[in-house]
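One structure follows; several queries about it will come next.
The values are calculated or read from the model by the stated rules, or taken from the named source; none is laboratory data. Note that the structure is predicted; figures quoted are calculated from it, not measured. Methodologically, a virtual Cβ is constructed for each residue, glycine included, from the backbone with ideal geometry; neighbour enumeration extends over all protein chains shown. Accessible surface areas use protein heavy atoms only, side chains included; no ligands, DNA or RNA. Shrake-Rupley method; radii C 1.70, N 1.55, O 1.52, S 1.80 Å.
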Amino acid sequence: MTYQAPIDDIMFDIQHLSRWSGVRALPQYDGIEPEDIRAALDQFGRFCSGVVAPLSQAGDEQGARLENGRVTLPQGYDAAYAKFVETGWQSLAHPVDHGGMGLPRAAGAAATEIVNAADMSFGLCPLLTDGAIDALAKNGSPEQKAIYLENLVTGRWTGTMNLTEPQAGSDLSRIRTTATRRADGTYAVNGSKIFITYGEHDLSENIIHLVLARTPDAPAGARGLSLFVVPKFLPRTDGTPGARNAVTCSGIEHKLGVRASPTAMLTYEDATGFLVGEETRGLEYMFVMMTSARFAVGVQGVAVADRATQHAFAYARERVQSRPVDGSSGDAVPIIQHPETVRILMRMRATVEGCRALTIATAGWLDLATCPDATLAREADEMAEFLVPLVKGYSTESAVDVASLGVQIHGGMGFIEETGVARYYRDARILPIYEGTTAIQANDLLGRKVRRDGGATARRFAAMVAETARALAAGDAQMQSVADRLDAARDDFEACLDHLLATLGQDANAAYAGSVPFLMLTGNLAAGWQLGRSMLAAKEALARGEAAEFMTRKCATAAYYAHNILVQCAVDRARITDGTASLLDAELCSA
């Protein structure tokens, strides 16, 4: 099945959900119009459909290979990546000052979705490079920016994030990799890192590793970590790759999915590293890249779910099986005419569009956090920080569900590799795990984003949901029914917020036992809120006589989400307020 980039839906979300009027007023986006973004995404969509998507099946079958320390990707990836660099797609959402196109974050999120829907194995490489660019643009020295940023922005060089070690996992306080200062100001980096996406490959001229390591006499734990740039090839004075650094790939993982993306084990043996910023502030600096990556992984969830949904709709229109249950025909019909198939397909579509709306709205807040007005920038940054764990956690868990439903639509054929839909399910399964599991996102949401300010940002979020519900309640019957569901879900959220804030001070275990259901409830509400905003915009467009078919479908999708998915907030409320206590009391995991 040919992948089609959902440009119309993406542009609708950018114009109506990303707070576009505020974003376009930012100095860095002066003169950029929606038509400019559409033109770029249209062209990129054609590139991904025609060049990247055809790689996905062979990439899954062949996988990346390691031979004599050299990683080779499946046939066709090198040519596709060369074309990706030649046409400048890595630069789409990066600043003009560093050679980028300078489009807003929402356009960058859309591009991330499109390339990962075409082939997630391919899309992971530019995803990590984006994060490296963000980290160095914010925290790198002028010299580091001059050497690395333009090469990364063009895609000629790629970036990685080196956190995890065999004994550490997600507990970064246990990192053992060391960095010892030399007389010339560089550092000798020694240690091993695992699970390094695109840690070794043959696509780019150079690979720039951002490495967390511990300097001598640094404080124990995560507070003692520093961040280093460790290039595969040491740059010459003219900025071109020079001598090979002492970084070797000792293995690549054999994985359930995303098999063409090399997940490397890297060994550093007196490798030359360059300190980013100040010693012992590494985790602070790396959080820039981690936030970028977590947001992008949430977008990957939308991407894989949309690809599975497109495939499921195409199959359901073609697959003929069984007579209609209402007896309207004596002959077998395409399965899209059966009620249960329609229910599943609508759940898939509504989930995808809700999660896409959430990611693009969050991208708008991320951009508004750069506003020259310090107060507005702080408020936008707080809201973006609150929403990013939802994008990552809710969108990725939803992607697994949607990909599984895609297999279900195909029946027995879905369980067979030749149809391709099993690949989406396998690829999706990593998303709730890497860049911080769903539990880590939930702990971050509750422990840092909610507890830190006593729930102030969470209550501001709830107030905005209420404002949308009031606007819907003033509309027609369909809008009023969505308003009722949105208000009920908001009430569930606020009840859980009050419960968890009260419980945190009395029994942390009981509070955190409800953190994942709280993330799922909040993510569900956030997606439903954005679809409510979509309905308001679509109803206004219909009143003007614009794009009747598209706008009617947007309203129907929002209504389906409200009545079939948003209602799950009540179940999560029960899990949080009642279920966690019974879980702890039962001591189910005791020996």
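May I ask you to verify whether Asp36 is touching a residue at least 12 places away in the same chain (Cβ under 8 Å), of a type in the set (D, E, K, R) and farther than 27 Å from Ala260 by Cβ?
Details: touching a residue at least 12 places away in the same chain (Cβ under 8 Å): yes; of a type in the set (D, E, K, R): yes; farther than 27 Å from Ala260 by Cβ: yes.
When the stated conditions are applied, Asp36 passes them.
Consider only pairs whose beta carbons are under 8 Å apart and that are at least six residues apart or on different chains; among these, list those whose first residue lies in the range 442-460 and is within 17 Å of Ala510 (Cβ to Cβ) and whose second residue is at pLDDT 95 or above and β-branched (Val, Ile, Thr).
Filtered contacts from the range 442-460: Ala442/Val516; Leu445/Thr522; Val450/Thr457.
What number of residues within the range 184-201 are more than 25 Å from the chain's Cα centre (by Cα) and either more than 18 Å from Met286 (Cα to Cα) or not β-branched (Val, Ile, Thr) (or both)? Break it down into steps so the answer makes sense when it comes.
Let us first name the residues in the range 184-201 that are more than 25 Å from the chain's Cα centre (by Cα), namely 184-192.
Retained after the next criterion (residues that are either more than 18 Å from Met286 (Cα to Cα) or not β-branched (Val, Ile, Thr) (or both)): 184-188, 190-192.
Residues flagged as more than 25 Å from the chain's Cα centre (by Cα) and either more than 18 Å from Met286 (Cα to Cα) or not β-branched (Val, Ile, Thr) (or both) within the range 184-201 amount to 8.
What residue, of Gly528, Gly545, Gly532, is at pLDDT 95 or above, open to solvent by less than 70 Å² (accessible area, probe 1.4 Å) and not in a helix (DSSP H, G or I)?
Working: Gly528 fails: not in a helix (DSSP H, G or I); Gly532 fails: not in a helix (DSSP H, G or I).
One residue alone meets the criteria, Gly545.
Condition check ((1) touching a His at 6+ places or on another chain (Cβ under 8 Å); (2) surrounded by fewer than 19 Cβ atoms within 10 Å (Cβ to Cβ); (3) of a type in the set (Val, Ile, Thr)) across all residues:
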{"residue": "Pro95", "(1), (2), (3)": "no, yes, no"}
{"residue": "Met101", "(1), (2), (3)": "yes, no, no"}
{"residue": "Ala107", "(1), (2), (3)": "no, no, no"}
{"residue": "Ala111", "(1), (2), (3)": "no, no, no"}
{"residue": "Asp119", "(1), (2), (3)": "no, no, no"}
{"residue": "Phe122", "(1), (2), (3)": "no, no, no"}
{"residue": "Leu128", "(1), (2), (3)": "no, no, no"}
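For the range 177-243, give me every one of the strands (runs of 3 or more DSSP E) that falls completely inside it and has 2 or more residues that are free of Cβ contacts under 8 Å to residues at least 60 places away in the same chain and not charged (D, E, K, R). Steps first, answer last, please.
On the way: elements: 178-181, 187-197, 206-214, 225-231, 233-235.
Where strands (runs of 3 or more DSSP E) fall fully within the range 177-243 and carry at least 2 residues being free of Cβ contacts under 8 Å to residues at least 60 places away in the same chain and not charged (D, E, K, R), they are 178-181, 206-214, 225-231, 233-235.
Something else now. Is there any pair with a first residue in the range 273-287 that is of a type in the set (Lys, Arg) and a second that is assigned to a helix (DSSP H, G or I) whose Cβ atoms are under 9 Å apart and which are 6 or more apart or on different chains, and what are they?
Pairs that qualify, where the first residue is of a type in the set (Lys, Arg) and the partner is assigned to a helix (DSSP H, G or I), are Arg281/Asn139.
Further question on the same structure: Got at least one residue in the range 12-28 being open to solvent by less than 70 Å² (accessible area, probe 1.4 Å), at pLDDT below 95, touching a helix residue (DSSP H, G or I) at 6+ places or on another chain (Cβ under 8 Å) and in a helix (DSSP H, G or I)?
Within the range 12-28, none of the residues are open to solvent by less than 70 Å² (accessible area, probe 1.4 Å), at pLDDT below 95, touching a helix residue (DSSP H, G or I) at 6+ places or on another chain (Cβ under 8 Å) and in a helix (DSSP H, G or I).
Separate question: Taking only the range 254-269 into account, find how many residues are under 30 Å from Glu61 (Cβ atoms) and buried (at least 19 other Cβ atoms within 10 Å of the Cβ).
Applying the first criterion (under 30 Å from Glu61 (Cβ atoms)) to the range 254-269 yields 254-267.
Pick out the ones that are also buried (at least 19 other Cβ atoms within 10 Å of the Cβ) and you get 257-266.
Matching residues across the range 254-269 total 10.
I've got another one for you. Residue by residue through the range 253-288, note down the ones that are in a helix (DSSP H, G or I) and either more than 18 Å from Leu387 (Cβ to Cβ) or modelled with pLDDT of 95 or more (or both). Please lay out each step first, then the result.
Taking the range 253-288 as the starting set, the residues that turn out to be in a helix (DSSP H, G or I) are 282-288.
Result: Gly282, Leu283, Glu284, Tyr285, Met286.
Being in contact with a Gly (Cβ under 7 Å, 6 or more places away or on another chain) and open to solvent by 40 Å² or more (accessible area, probe 1.4 Å) is the filter here, so list the residues in the range 270-294 that pass it. Break it down into steps so the answer makes sense when it comes.
Step one: list which residues in the range 270-294 are in contact with a Gly (Cβ under 7 Å, 6 or more places away or on another chain), which gives 276, 280, 285, 289, 292-294.
Matches in the range 270-294: Thr280 only.
Within the range 134-141, can one find any residue that is open to solvent by 20 Å² or more (accessible area, probe 1.4 Å) and touching a strand residue (DSSP E or B) at 6+ places or on another chain (Cβ under 9 Å)? Talk me through it step by step, then tell me what you get.
Of the residues in the range 134-141, the ones open to solvent by 20 Å² or more (accessible area, probe 1.4 Å) are 134, 137-139, 141.
Checking which are touching a strand residue (DSSP E or B) at 6+ places or on another chain (Cβ under 9 Å) leaves us with 139, 141.
There is at least one residue in the range 134-141 that is open to solvent by 20 Å² or more (accessible area, probe 1.4 Å) and touching a strand residue (DSSP E or B) at 6+ places or on another chain (Cβ under 9 Å).
Further question on the same structure: Based on this model, can you work out whether Gly191 counts as over 17 Å from Val297 (Cβ atoms) and touching a Ser or Thr at 6+ places or on another chain (Cβ under 6 Å)?
Working: over 17 Å from Val297 (Cβ atoms): yes; touching a Ser or Thr at 6+ places or on another chain (Cβ under 6 Å): yes.
Taking the combined requirement at face value, the residue satisfies it.
Right, here's the next one. Go through (1) farther than 28 Å from Val482 by Cα; (2) loosely packed, with under 13 Cβ neighbours inside 10 Å for Pro339 and report which single condition fails.
Condition (1) is where Pro339 drops out.
Taking the stated definitions as given, is Gly88 surrounded by fewer than 22 Cβ atoms within 10 Å (Cβ to Cβ), among the small types (Gly, Ala, Ser), within 25 Å of Arg294 (Cα to Cα) and in contact (Cβ under 8 Å) with a residue 24 or more places away in the chain? Spell out the reasoning first.
Working: surrounded by fewer than 22 Cβ atoms within 10 Å (Cβ to Cβ): yes; among the small types (Gly, Ala, Ser): yes; within 25 Å of Arg294 (Cα to Cα): yes; in contact (Cβ under 8 Å) with a residue 24 or more places away in the chain: yes.
Judged against the criteria, Gly88 is a match.
Please go through the range 369-379 and give me each residue that is under 19 Å from Arg294 (Cβ atoms) and either buried (at least 22 other Cβ atoms within 10 Å of the Cβ) or of a type in the set (Val, Ile, Thr) (or both), ordered by number.
Looking only at the range 369-379, we keep the residues that are under 19 Å from Arg294 (Cβ atoms), and these are 369-370.
Residue satisfying the conditions is Thr370 alone.
Show the residue pairs meeting these rules: Cβ distance below 7 Å; 6+ apart or different chains; first residue within the range 151-162 and in contact (Cβ under 8 Å) with a residue 24 or more places away in the chain; second residue open to solvent by less than 20 Å² (accessible area, probe 1.4 Å) and of a type in the set (Lys, Arg).
Pairs that qualify, where the first residue is in contact (Cβ under 8 Å) with a residue 24 or more places away in the chain and the partner is open to solvent by less than 20 Å² (accessible area, probe 1.4 Å) and of a type in the set (Lys, Arg), are Asn162/Lys193.
Take the conditions in contact with a strand residue (DSSP E or B) (Cβ under 8 Å, 6 or more places away or on another chain) and of a type in the set (A, V, I, L, M, F, W, C) and apply them to Ile335. Does it pass?
On the way: in contact with a strand residue (DSSP E or B) (Cβ under 8 Å, 6 or more places away or on another chain): yes; of a type in the set (A, V, I, L, M, F, W, C): yes.
Taking the combined requirement at face value, the residue satisfies it.
Related question: For the structure I just gave you, tell me whether Thr197 is open to solvent by 10 Å² or more (accessible area, probe 1.4 Å) and within 17 Å of Phe274 (Cβ to Cβ).
No.
If you go through the range 310-336, how many residues are among the aromatic types (Phe, Trp, Tyr) and either in a loop (DSSP other than H, G, I, E, B) or open to solvent by less than 40 Å² (accessible area, probe 1.4 Å) (or both)? Before you say what the answer is, go through the steps one by one.
From the range 310-336, those among the aromatic types (Phe, Trp, Tyr) are 313, 315; that's our starting set.
Within this subset, residues satisfying the condition of being either in a loop (DSSP other than H, G, I, E, B) or open to solvent by less than 40 Å² (accessible area, probe 1.4 Å) (or both) are 313.
The qualifying residues number 1.
Does the range 300-308 contain any residue that is at negative phi, among the aliphatic types (A, V, I, L, M) and open to solvent by 10 Å² or more (accessible area, probe 1.4 Å)? Working first, answer last.
Restricting attention to the range 300-308, the residues satisfying the condition of being at negative phi are 300-308.
This time we only want the ones that are among the aliphatic types (A, V, I, L, M), so: 302-305, 308.
Within this subset, residues satisfying the condition of being open to solvent by 10 Å² or more (accessible area, probe 1.4 Å) are none.
For the range 300-308, residues at negative phi, among the aliphatic types (A, V, I, L, M) and open to solvent by 10 Å² or more (accessible area, probe 1.4 Å): absent.
Are any of the residues in the range 225-245 aromatic (Phe, Trp, Tyr), buried (at least 16 other Cβ atoms within 10 Å of the Cβ) and more than 30 Å from the chain's Cα centre (by Cα)?
First pass over the range 225-245, keeping only residues aromatic (Phe, Trp, Tyr): 228, 233.
Keeping just the survivors that are buried (at least 16 other Cβ atoms within 10 Å of the Cβ) gives 228, 233.
Pick out the ones that are also more than 30 Å from the chain's Cα centre (by Cα) and you get none.
Taking every residue of the range 225-245 in turn, none turns out to be aromatic (Phe, Trp, Tyr), buried (at least 16 other Cβ atoms within 10 Å of the Cβ) and more than 30 Å from the chain's Cα centre (by Cα).
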